[in-house]
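Student: So that we are looking at the same thing, I have put the structure below in structure tokens.
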Amino acid sequence: METYYLYTFESTHGAIYCHKLLREQMDAVMMPVLREISASCGMAVRVPAGDAVRSAELMLAQDEAEFALYRVENGHDVTRLDPHELANANNKTGVRNMSENYLGCNIPKLGFGLMRLPQKDGVIDVEQVKKMADHFMAKGFTYFDTAYVYGGGASELAAKEAIVERFPRESFQLADKLPVIDIKKEEDMEAFVQTSLERTGAGYFDFYLLHAMNASKVEICDKFNAWDFMVKLKERGIARHIGFSFHDKPEVLDDILTKHPELEFVQLQINYADWDSDNVQSRRCYEVAKKHNKPVTVMEPVKGGSLVTMTPAVRETFQAANPNASIASWAVRFVASLPGLITVLSGMSDLAQMEDNTSYMEHFVPLNDEEYKVIDKVVGLLRSTPTIPCTACKYCVDGCPMQINIPGIFAAYNTLLVYGNERGAKSSYKMATRDRGMASSCVHCLQCEAQCPQQINITERLHEIAGILEE
Ligand code: SF4
Ligand code: SF4
């Protein structure tokens, strides 16, 4: 049964007053006080779990009625709550709330990322994608995310077959992306958009993004005036809203948003493992977006699958806290608890993942204090896992006669050490060694070790990695 939140009152007048106050902003209904709860006026106000935080903020802001707050699960499991704690749930990050009626505030907070679609015989299994889309839409979710480059265009074609041709166009949002890295001349941009429109058959894109922006792609956008191109797409009705996905430092994000306030939203990589990491810096990027009052679409909430696999110690920690919650649910709920989101994209690869994600996101409840403590504990476990202490300074790379991407290989191996994610580590290893030397091609000249400020025994570690990640 669904979880809901219940306000009880000292007086009937208070119940009527607060019911009126809450129902202006949410689906608040009056009902008799449950018999599990005593000492009240007899009437209570029930609000959906998804509006719990907002309701607590509204109730605390009024001084007309004394009240108590309860969470009700399974129809009768009642827990009394501190409304101040609930209202603060969105502020655990220390980030201020943005305006209430922001772009995307009404979009359900789980989006279907179409980057890792299920495969059959080496191609996308469109029949399974149809089943996933049916389930997703039936549960009330509406946001789909694809890109020109995903699967070399196969993702856009799958979107057409499984979504665009099967659901009324206004019943869902489709996001697509301009491949900035491939722009060689100004006319390319229009050609990319027309190809995406043709492949998807969507007619227009609800959200259209400059793909994977960073400092070097800003230069491309400047050179070909992609900024104005995006604004014109909006004026032409091809894009309803324009923004960009982002992979760089918060300072670069701040610079883009300062120079280009016409961009309405930003897609950021956010997850609890990267929240305070040195490379991704999710928290600081999120804070920059909030500073500019831009809503955020979240990508990589499970860090490319790493926060689903996890080591036995981490799995035990989560399971001890809640044996019924999937490991992925902790990661998705962590990001979905942030204020100011358009949605949280999950790159679901089969129906089972879809059913798990929708099960806890259909009636989303933000993380509570105890659950944040569990996440903190897990982050501590991740940080304390021994890894190769490579800082990616690359001092070792230039002199290597075998052109081995040493920091890239170490990063791939660290994924295995920290998250137990063998599949992800092997995939990263393949990327790191594409057109470069393999770990096993090391000729032990020791030039790299003489350069390494971290004094890593590079040759020994490469030998170890070759035995584990090479196939
Ligand atoms: S020891 Fe191996 S990895 Fe290091 S520079 Fe020589 S060949 Fe490259
Ligand atoms: S020199 Fe050492 S720390 Fe720097 S990239 Fe190479 S292995 Fe990593």
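Student: Can you tell me which residue in the stretch 6-32 is surrounded by the fewest Cβ atoms within 10 Å (Cβ to Cβ), limited to those that are among the acidic types (Asp, Glu) and either more than 34 Å from the chain's Cα centre (by Cα) or under 18 Å from His363 (Cα atoms) (or both)?
Tutor: Asp27
Student: Oh, and also: From the list Ile458, Ile465, which one is within 16 Å of ligand 1 (Cβ to nearest atom), in contact (Cβ under 8 Å) with a residue 60 or more places away in the chain and outside the structural domain of Glu85 (by TED's automatic domain parsing)?
Tutor: Ile458
Student: Would you check if there is a residue in the stretch 348-355 being small (Gly, Ala, Ser) and in contact with a strand residue (DSSP E or B) (Cβ under 9 Å, 6 or more places away or on another chain)?
Tutor: Yes, the stretch 348-355 contains at least one residue that is small (Gly, Ala, Ser) and in contact with a strand residue (DSSP E or B) (Cβ under 9 Å, 6 or more places away or on another chain).
Student: Applying the selection to the stretch 409-438, what residues are near ligand 2 (Cβ under 10 Å from one of its atoms) and at pLDDT 95 or above?
Tutor: The answer is Ile409, Phe410.
Student: Now for a separate question. Report whether or not Ile342 is within 16 Å of ligand 2 (Cβ to nearest atom) and in contact with a Phe, Trp or Tyr (Cβ under 8 Å, 6 or more places away or on another chain).
Tutor: Answer is no for this residue.
Student: Within the group Lys232, Lys185, Lys160, Lys223, which residue is in the same structural domain as Phe144 (by TED's automatic domain parsing) and not in a helix (DSSP H, G or I)?
Tutor: Lys185
Student: Moving to a separate point now. Given the condition assigned to a helix (DSSP H, G or I) and free of Cβ contacts under 8 Å to residues at least 60 places away in the same chain, answer yes or no: does some residue in the stretch 340-351 qualify?
Tutor: no
Student: Which of the numbered conditions does Cys393 fail, given that it passes all the others? Conditions: (1) within 30 Å of Thr317 (Cα to Cα); (2) within 12 Å of ligand 2 (Cβ to nearest atom); (3) at pLDDT below 95.
Tutor: Cys393 satisfies every listed condition except (1).
Student: Moving to a separate point now. Filter the stretch 447-471 down to the residues that are outside any helix (DSSP H, G or I) and over 17 Å from Ile388 (Cβ atoms) and list them by number.
Tutor: Glu471, the sole residue that qualifies.
Student: When the residues of the stretch 376-388 are filtered to those that are in contact (Cβ under 8 Å) with a residue 40 or more places away in the chain and touching a helix residue (DSSP H, G or I) at 6+ places or on another chain (Cβ under 9 Å), which remaining residue is nearest to ligand 1 (Cβ to nearest atom)?
Tutor: Ile388
Yes/no matrix, rows are residues, columns are (1) modelled with pLDDT under 80; (2) assigned by TED's automatic domain parsing to the domain that holds Phe172:
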| position | (1), (2) |
| --- | --- |
| His19 | no, no |
| Cys41 | yes, no |
| Glu57 | no, no |
| Leu60 | no, no |
| Leu110 | no, yes |
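Student: For the stretch 159-185, what are the residues that are touching a residue at least 40 places away in the same chain (Cβ under 8 Å) and more than 22 Å from Gln267 (Cα to Cα)?
Tutor: Within the stretch 159-185, just Lys160 meets the criteria.
Student: Then there's this: Filter the stretch 412-446 down to the residues that are of a type outside the set (Ser, Thr, Tyr), over 35 Å from the mean Cα position of the chain (by Cα) and surrounded by 13 or more Cβ atoms within 10 Å (Cβ to Cβ) and list them by number.
Tutor: Result: Cys442, Cys445.
Student: For a quick check of your reading of the model, give me the residue pairs whose first member lies in the stretch 55-82 and is at positive phi, whose second is not in a helix (DSSP H, G or I), with beta-carbon atoms closer than 6 Å and at least 6 apart or on different chains.
Tutor: Asn74/Met1; Gly75/Met1
Student: Modelled with pLDDT of 95 or more, surrounded by fewer than 17 Cβ atoms within 10 Å (Cβ to Cβ) and either over 18 Å from the mean Cα position of the chain (by Cα) or not hydroxyl-bearing (Ser, Thr, Tyr) (or both), is that true of Lys177?
Tutor: no
Student: Considering only residues that are more than 9 Å from ligand 1 (Cβ to nearest atom) and not in a helix (DSSP H, G or I), look in the stretch 413-446 and name the one that is nearest to Glu300 (Cα to Cα).
Tutor: Of everything passing the filter in the stretch 413-446, Asn421 is nearest to Glu300 (Cα to Cα).
Student: Filter the stretch 281-310 for residues that are within 23 Å of Lys373 (Cβ to Cβ) and out of contact with any helix residue (DSSP H, G or I) (no Cβ under 7 Å at 6 or more places or on another chain) and give the result.
Tutor: Those that are within 23 Å of Lys373 (Cβ to Cβ) and out of contact with any helix residue (DSSP H, G or I) (no Cβ under 7 Å at 6 or more places or on another chain): Ser282, Arg283, Tyr286, Glu287, Lys303.
Student: Restricting to the stretch 389-412, what's the tally of residues that are out of contact with any Phe, Trp or Tyr (no Cβ under 9 Å at 6 or more places or on another chain), within 11 Å of ligand 1 (Cβ to nearest atom) and farther than 12 Å from Cys452 by Cβ?
Tutor: Result for the stretch 389-412: 6.
Student: Looking at (1) closer than 18 Å to Ala212 by Cβ; (2) surrounded by fewer than 19 Cβ atoms within 10 Å (Cβ to Cβ), which is the one condition that is false for Leu257?
Tutor: (2)
Student: Go through (1) touching a residue at least 60 places away in the same chain (Cβ under 8 Å); (2) more than 16 Å from ligand 2 (Cβ to nearest atom); (3) over 26 Å from Tyr143 (Cβ atoms); (4) not small (Gly, Ala, Ser) for Lys373 and report which single condition fails.
Tutor: Just one mismatch for Lys373, condition (1).
The values are calculated or read from the model by the stated rules, or taken from the named source; none is laboratory data. Nothing here was measured: the structure is a model prediction, and the numbers come from that model. Every residue, glycine among them, receives a Cβ derived from its backbone with ideal geometry; neighbour counts consider all protein chains shown.
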